[in-house]
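Working notes, structure below.
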Amino acid sequence: MTAKKILLVGNGFDLAHSLLTGYGDFLYIMKNWDEFYKTFLHVRQSWDISPKKEFGKYLVNAHDMNDDNLMILGDIIKENSWVHYYCNCEAEIDGWIDFERELYPVMDLFAEVFAAEYSMQEVDYIALGKGASIKVSANARRVGKLFEKYIVVRDNYFIVKASFVSKQYGILKKKMLQTLKEEFDEFIKAFEIYLLEFVHKKKDIKTLKQIKNINADRVISFNYTLTEKIYGISEENTHHLHGKIRENINDSQNHNDMVLGASERTEQNLDFIYFIKYFQRIQKRIGTKYKDFLDVVTDERGDIYSYDLHIYGHSLDKTDEDVLKTVMGYARQIFIYYYNQEDYERKVINLIDLYGRDEVEENIEDYRFQFVQTFGETV
């Protein structure tokens, strides 16, 4: 009996296919939107095939991009508090895992506002009207400066905007959380538009020989893109753990199911559960289809056959611990692909964080964990 082969992929899978799915790519477009859009219009109108060098790779498919979608993207970028935060938070964000972790300071900020004692006062400039003055920590001040739609920083105090304050009820916590959530949904929509226009429409994506040779039966994907289709993997044999992009983002009958959030904390504040990945997977009905892929078969002689697991482009970070431990737990052999020595070391460290030193060493000695270096050759 031949063991099935499951391919588990993270963002590195898309990056290996030269797709612009890195956090830095999305951030670059957000930070430079005005200049980019001017260049885009120039390319569309002049058919100039040599746009400004810094935007060149983003404009390869300029003539296939949807004007309406780009206008929606531009409006979100200009008005959205989460876009403003990530463009100016000055954190060291190298990838999507760091992006997720930077949600915590925002949740901590608003938790501090909701828990603080405050005084109602007349604010001395019209923009705010009546506000609530709250003394806050230094870390909250750093983050609070980037959420001006909700609060204004003054010395060691926040002043909550008048639209979120009631003379009768004080700070309108429910309204503030709802607005924060709606803006986060907009942010996710902006990312979906980016993926649809800048990634999904790329032509002639070349298959990687190393991936093709795996001949995977099923794919478990942490990505929103549909890159696995170039390997002939059907939708039926694929599960997108965090949802996937839609072809028509303006179809009201087809809702955005992309999961983008932080990992659960030990002490969970339910006020902010919407920003946690596991809740979004439930709320957006992503399901657990991937568990049906984990075949463990016992034949007539009592021999157990499970699947071989190939992990490509995933960091093995603990932020995805629940899924990783489930999928890896039943695997017969686990092939972990790495790009260079630094990537190899990072993956080993993350494995130790997941399982502990003894279990990692035992699995390596037993050849259950096998490390394979990528070589990037295309077919």
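Laboratory data are not the source of any read-out in this text; all were calculated from the coordinates shown. Here the structure is a predicted model, which means the values were calculated and not measured. Every residue, glycine among them, receives a Cβ derived from its backbone with ideal geometry; neighbour counts consider all protein chains shown.
Values for this structure:
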| read-out | value |
| --- | --- |
| Neighbourhood net charge (11 Å Cβ-Cβ; Lys/Arg +1, Asp/Glu -1) for residue 61 | +1 |
| Segments 186-193, 17-24 sorted - mean Cβ within 10 Å per residue, highest first | 186-193, 17-24 |
| Trypsin sites (Lys or Arg not before Pro) restricted to the range 317-365 and DSSP loop, no more than 15 other C-beta within 10 Å | 332 |
| Debye intensity ratio I(q)/I(0), log10, the chain, q values 0.09, 0.10, 0.12, 0.13 Å⁻¹ (C-alpha model) | -0.62, -0.75, -1.02, -1.15 |
| Convex hull per residue volume in Å³, alpha carbons only, for the range 94-171 | 96 |
| The range 308-351 and the range 20-90: distance between their alpha carbon centers, rounded to Å | 33 |
| Per DSSP, loop GluC sites (Glu not before Pro) in the range 204-265 with at most 10 further Cβ within 10 Å | 247 |
| Gyration tensor (alpha-carbon) shape descriptor, the range 263-379, a/c threshold 1.5 | oblate |
| Sparse-neighbourhood loop sites, GluC sites (Glu not before Pro) in the range 33-116 - DSSP loop, at most 11 other Cβ within 10 angstrom | 90, 92 |
| Over 24 Å (Cα to Cα) - which of 135/189; 174/284; 244/291 fall in this group | 135/189 |
| Charge dipole (debye, nearest 20) of the range 246-301; +1 at Cβ of Lys and Arg, -1 at Cβ of Asp and Glu | 120 |
